[in-house]
2 protein chains.
Amino acid sequence: MELSELETPCIMIDVEQARRNVVAMQKAVNEAGCCLRPHIKTHKMPFFARMQVEAGAVGITCAKVSEAEIMADGGLDDIFIAYPLVGAFRIRRAVALAKRVKRLILAVDSIEGAAALNEAALAENTCFETRLEIDTGAKRTGVLMRNAALLAENIARLPGLRLAGLYTFKSLNYQGEATCDNELAAHEEAELLAETATVIRNKGITIEDISGGSSPTGLAVARTGVVNEVRPGTYIFKDLMLCDEGVAQLEEIAARFVATVVSCPSEDYAIIDGGTKCFPTDVPLNTAPFFYNAYAYVEAMEHLRLNRMNEEHGIITSSTRKTGLRVGQTLSLLPIHVCTAINMQNSVYLWEQGTMHREPVGARGMLV
Amino acid sequence: MELSELETPCIMIDVEQARRNVVAMQKAVNEAGCCLRPHIKTHKMPFFARMQVEAGAVGITCAKVSEAEIMADGGLDDIFIAYPLVGAFRIRRAVALAKRVKRLILAVDSIEGAAALNEAALAENTCFETRLEIDTGAKRTGVLMRNAALLAENIARLPGLRLAGLYTFKSLNYQGEATCDNELAAHEEAELLAETATVIRNKGITIEDISGGSSPTGLAVARTGVVNEVRPGTYIFKDLMLCDEGVAQLEEIAARFVATVVSCPSEDYAIIDGGTKCFPTDVPLNTAPFFYNAYAYVEAMEHLRLNRMNEEHGIITSSTRKTGLRVGQTLSLLPIHVCTAINMQNSVYLWEQGTMHREPVGARGMLV
């Protein structure tokens, strides 16, 4: 199949490159003596979650119960929902999900959330395995470290919950703040988690699992030896953001956009058939030192930039003031942020061993 | 139904307010002696497209053939796809669609695009009604005005196309450039279109329809008397962007987010269950003079700001340094840009006459 035969704008995934990325991370994490529980937020497809488990992952991580349901439908049976499970509508769905998987781990970061979950467990005459989210500096969800021990004690008293782990996410914040050093961030993250675990264990609470690590920090966190699980997501496909963070190379990127040039009104700009409904905008321009000051990198045409968009229009300009593009031409582009890119596609093209087929993005748009 | 019973994060639409917005625009455009052909990009739902046609719209506007297919499935039979129809995969679908609606108008802005469309028409022994897109300053799709007459002549020679109209979109560019004055922009848009139409008509080409106008400029364009059709979209639900442009009031906004507070780790910030997979980011912060320097406006809580996000995390801060929020609380938020907001929801809650039900967003994610 030729690129020009694809229905654009679309995302095409090189399955063999994705598998190489999966196997490499699994091997490196295992060699560090750590477990890998990849976050499915990047691919959102049972197909790739199964690939990760077959490669040796202990299970998967989801952000939302609706994502976890899709993964369970796809045969995944060891799932951690790494997001505080708040809201009666969400707890109801988690209760139902727990009955059809081998292991479901739920997250708490407040006594209010834990109490509601405890009540639901008791009503079902069951006990939920839970992990407490610790804020190691991201300033989003997660109990502050100074409040963690008291909260852990209070959660441990609830008969419907078994507090068996701690987890964290160390944000490398791309929304206006400077990029951290990954290695430094990883060590800080692991050490803060380990310290918090020690304080909680000293209260007589058994903490079996200490889980950290994103794609930028994951491997470095695993190698500290003080956590027993990491949860990277983006490493499976990689993107420009990971390249910028120094933990990926352009040639390792497994997911690319294909778009069609629909208009060339002037030699200095051209329009492709995807805009903000297709290319991620969750990394505002000029707020981070990206290699390519653009919303995507046009492969094999380094003079081109996708640097303005409307909903359906991607405006390509050229550093030479001549795009050299023609109407009907097909372009291949690398995403800045692959997770939100895939979230906007109902299906993607999978390319493997010379054949191409469409696969639905099952957990796309799962917000609940 | 109470807000706290909704599965969040979600969008709730006040159907009666949407109907008031639809009726008001229809009345004003008709009073200006103009036709209304609303763009469905905002709601993406046949339910609301039918409401617009029942109120007097001559037909609807779509951006993509895949959107038009969904609208045809929903009973809409007079459709303008206001986007250059380029790509064999897209033309194939348009050919099939033309056979099942009363009127399908296709767009061209290049001779290459027109030639491919002409070929497809001749192969089917048919003739497509087409409109030529004119760039009146947006610098995206649309032939430059100085090239319009020659292109129109060349298109008019193609036996498979009937060039019967001109259209334009006057961008008020929110991505880094200053906001234009709406009234001024509307007059400029209408006059440039009318001038171009005169030049083309002087070549002996019959131009029946001159179509312009977005939600900010639409009514002012209609009132110039030199166009016979306008294509606003956002006016049906309105959003903060339209309020900022002075063509909407907060109380006219018909679409709002409902989100649940999932975490309050510190009194100065709280986390809601929606982030960049839910709230639009296609209007980067600090690039335009929005009333509310945030990704959404928290209703009835003016001290709160949604000003940082990750994919699943919306971080709420307070101008008083105390959010006053508690875990489990439900918030109502107004979107900056409603079109891309609805594009990220598989379904929305419709609220009408005291009842609430879920309606799928049929044309969500239709990129082809």
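Just a few scattered comments:
- A single member of A:ALA186, A:ALA152, A:ALA164, A:ALA138 is more than 21 Å from A:PRO84 (Cβ to Cβ) and among the aliphatic types (A, V, I, L, M), and it is A:ALA186.
- Scan of segment B:296-322 for residues that are in a loop (DSSP other than H, G, I, E, B) and within 13 Å of chain A (Cβ to nearest Cβ), ordered by number: B:ASN310, B:GLU311, B:GLU312, B:HIS313
- When B:GLU7, B:GLU2 are checked against the criterion of being at pLDDT 95 or above and of a type in the set (Asp, Glu), B:GLU7 stands alone in meeting it.
- Evaluating B:ASN147 against the criteria (1) of a type outside the set (A, V, I, L, M, F, W, C); (2) crowded, with 22+ Cβ neighbours inside 10 Å; (3) within 14 Å of A:PRO265 (Cα to Cα) leaves one unmet condition, (2).
- Any chance B:GLY365 is in contact with an Asp or Glu (Cβ under 8 Å, 6 or more places away or on another chain), part of a loop (DSSP other than H, G, I, E, B) and not assigned by TED's automatic domain parsing to the domain that holds B:ARG50: no
- In segment A:69-91, the residues that are out of contact with any Gly (no Cβ under 8 Å at 6 or more places or on another chain), without any contact (Cβ under 8 Å) to a residue 60 or more places away in the chain and under 22 Å from A:ILE134 (Cα atoms): A:ILE81, A:TYR83, A:ILE91
- Pick from segment B:323-342, criterion part of a loop (DSSP other than H, G, I, E, B) and more than 11 Å from chain A (Cβ to nearest Cβ), ranking: surrounded by the most Cβ atoms within 10 Å (Cβ to Cβ): B:ILE336
- Matching option when the condition is of a type in the set (Gly, Ala, Ser) and more than 18 Å from the chain's Cα centre (by Cα), among B:GLY75, B:GLY59: B:GLY75
Listed here are the residues, each with its yes/no results for (1) modelled with pLDDT of 95 or more; (2) assigned by TED's automatic domain parsing to the domain that holds B:PHE279; (3) over 16 Å from B:ASP273 (Cα atoms).
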residue	(1), (2), (3)
B:ARG308	no, yes, no
B:GLY314	yes, yes, no
B:GLN329	yes, yes, no
B:SER332	yes, yes, no
B:ILE336	no, yes, yes
B:ALA341	yes, yes, no
B:MET344	yes, yes, no
B:TRP351	yes, yes, yes
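- Evaluation of B:ALA254 against (1) under 21 Å from the mean Cα position of the chain (by Cα); (2) within 14 Å of chain A (Cβ to nearest Cβ) (one fails), failing number: (2)
- Selection count where residues are under 19 Å from the mean Cα position of the chain (by Cα) and at pLDDT below 90, scope segment A:277-287: 4
- Exactly one residue among B:ALA115, B:ALA138, B:ALA98 is closer than 24 Å to B:THR234 by Cβ, in contact (Cβ under 8 Å) with a residue 24 or more places away in the chain and crowded, with 16+ Cβ neighbours inside 10 Å, and that residue is B:ALA138.
- Filtered by the rule that a residue be in contact with a His (Cβ under 8 Å, 6 or more places away or on another chain) and closer than 20 Å to B:GLU112 by Cβ, segment A:291-321 gives a lone residue, A:SER318.
- A:ARG223, sole failed condition from (1) under 15 Å from the mean Cα position of the chain (by Cα); (2) more than 10 Å from chain B (Cβ to nearest Cβ): (1)
- Search result, residues across segment B:33-52 that are in contact with a strand residue (DSSP E or B) (Cβ under 9 Å, 6 or more places away or on another chain) and either surrounded by fewer than 21 Cβ atoms within 10 Å (Cβ to Cβ) or polar (S, T, N, Q) (or both): B:CYS35, B:THR42, B:PHE47, B:GLN52
- Residue count for segment A:63-112 under the criterion of being β-branched (Val, Ile, Thr) and closer than 18 Å to A:ARG37 by Cβ: the result is 7.
The values are calculated or read from the model by the stated rules, or taken from the named source; none is laboratory data. These numbers come from a predicted model, not from an experiment. Because the Cβ atoms are built from the backbone with ideal geometry, glycine has one as well, and the counts that use them run over all protein chains shown.
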